[in-house]
Amino acid sequence: FRTPNPYRLIIIQAAVDLLILTYLLHFSGGIENPFYLVYLPHVIIAGIILSKRDAFFVTVLTCMLFLSLAGLEYMEVLHHSAIGFSPHAEDPGDHSAHRLVFVIGEAVPFLLVTAFAAYFTILLRDQIQRDQANVLQASKLATIGELSGRFAHEVNNPIGIVSTNAK
């Protein structure tokens, strides 16, 4: 029996969370519900703790799930559950989620924000890692300098005494 890789478990957990979030979002108003932005913390956290490739996977999965939800509601494959955030016409079957302009107006900004959030999170993480490596290198060099200074001091003291006595 092998212990599962905790890194892979994080990816699986993120994927399951995104699927559950999509399911819950569908039944709470779909893309008309402004809480679809809850997708973003998953992308940001993935950018912080996962590799670039896996963070990219989580970002693409997030975008695909959101676009699938938007597209399936728009094409009326999925029944749209209306909430009071978005204005509806007199016809109960006429929802904003069935209007192409609304769907594109929600999807494009979401995709852009998601992509930029992933990009900038990964960019910042990489910069922090480079800064930490530089601080570690500077710390090592400072320690070597301090040790060589102490060594030189310890060697110079007896040499100085011998030199003074020799004169």
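The values are calculated or read from the model by the stated rules, or taken from the named source; none is laboratory data. Model, not experiment: these values are computed from the prediction. All Cβ positions, glycine included, derive from the backbone under ideal geometry; neighbour counts span all protein chains shown. Calculation scope for accessible area: heavy atoms of the full protein, side chains included, ligands and nucleic acids excluded. Shrake-Rupley method; radii C 1.70, N 1.55, O 1.52, S 1.80 Å.
Counting other Cβ atoms within 10 Å, which GluC sites (Glu not before Pro) in region 1-88 have at most 13 and lie in a DSSP loop? Could the numbers behind the result be given before it?
Numbers: sites: 32, 73, 76; in loops: 76.
Sites meeting the loop and neighbour criteria: 76.
Mean residue ellipticity at 222 nm from the helices of the chain, using -39,500 (n - 2.57) per DSSP H segment of n ≥ 4 over the full residue count, to the nearest 500 deg cm²/dmol? Could you put the intermediate results ahead of the total?
Numbers: 4 runs with 122 residues, N = 167.
Computed ellipticity for the chain at 222 nm equals -26500 deg cm²/dmol.
In vacuum, with every alpha carbon of region 1-81 counted as one equal point scatterer, what does the Debye formula give for log10 I(q)/I(0) at q = 0.16, 0.17, 0.20 Å⁻¹? Two decimals, please.
Listed by q, the Debye log ratios stand at -0.61, -0.67, -0.85.
How would 119, 39 line up by accessible area, probe 1.4 Å, largest first? Don't skip to the answer; put the middle values down first.
Details: 119 130, 39 0 Å².
Result of the area sort, largest leading: 119, 39.
Tell me, what is the per residue accessible area of region 42-167 in Å², probe radius 1.4 Å? Please report the intermediate quantities before stating the final value.
Details: 8510 Å² over 126 residues.
Per-residue value: 68 Å².
Compute for region 100-167: radius of gyration divided by Kirkwood radius, i.e. Rg/Rh, restricted to C-alpha atoms, rounded to two decimals. Each step should come with its number before you reach the end.
Numbers: Rg = 29.2 Å, Rh = 17.4 Å.
My calculation puts Rg/Rh at 1.69.
Using protein chains only and a probe of 1.4 angstrom, how many square angstrom of residue 126 are accessible, to the nearest 10?
Approximately 30 Å² of residue 126 is accessible to the 1.4 Å probe.
Tell me which of 26, 163, 10 sits at the most positive position along the dipole axis of the chain, charges placed on C-beta atoms (Lys, Arg +1; Asp, Glu -1).
It is 163, whose Cα lies furthest towards the positive end.
Kindly state, to the nearest 0.05, the FRET efficiency for residue 136 paired with residue 52, given R0 = 22 Å and r defined as their beta-carbon distance.
Working: r = 22 Å, r/R0 = 0.98.
In this case the efficiency is close to 0.55.
What translational diffusion coefficient, to the nearest whole µm²/s, does region 23-159 have by Stokes-Einstein, given a Kirkwood radius computed over alpha-carbon pairs, a temperature of 25 °C and 0.890 mPa s viscosity?
Values: Rh = 18.6 Å.
Roughly 132 µm²/s, to the nearest whole number.
If you roll a 1.4 angstrom probe over the protein chains with everything in place, what fraction of the accessible area of the chain belongs to carbon and sulfur, to the nearest %? Mind dumping the intermediate values first?
Working: 7930 of 11180 Å².
Carbon plus sulfur share of accessible area: 71 percent.
Give me the one-decimal nm value for the distance between modelled label points at residue 35 and residue 2, 7 Å along each residue's Cα-to-Cβ direction.
Each label point is offset 7 Å from its Cα along the Cβ direction, giving 3.9 nm.
Work out how much length residue 128 to residue 112 would gain on full extension: take 0.36 nm times their residue separation and subtract the Cα-Cα distance, in nm to one decimal.
Numbers: separation 16, 0.36 × 16 = 5.76 nm, distance 2.40 nm.
So the extension gain works out to 3.4 nm.
Find out how many positive minus negative residues lie around residue 43, taking Lys and Arg as positive, Asp and Glu as negative, among other residues whose Cβ is under 15 Å from that of residue 43.
+1
Modelling each spin label as a point 7 Å along the Cα-to-Cβ direction, I'd like the residue 24/residue 120 distance in nm, to one decimal.
For residue 24 paired with residue 120, the spin-label model returns 2.5 nm.
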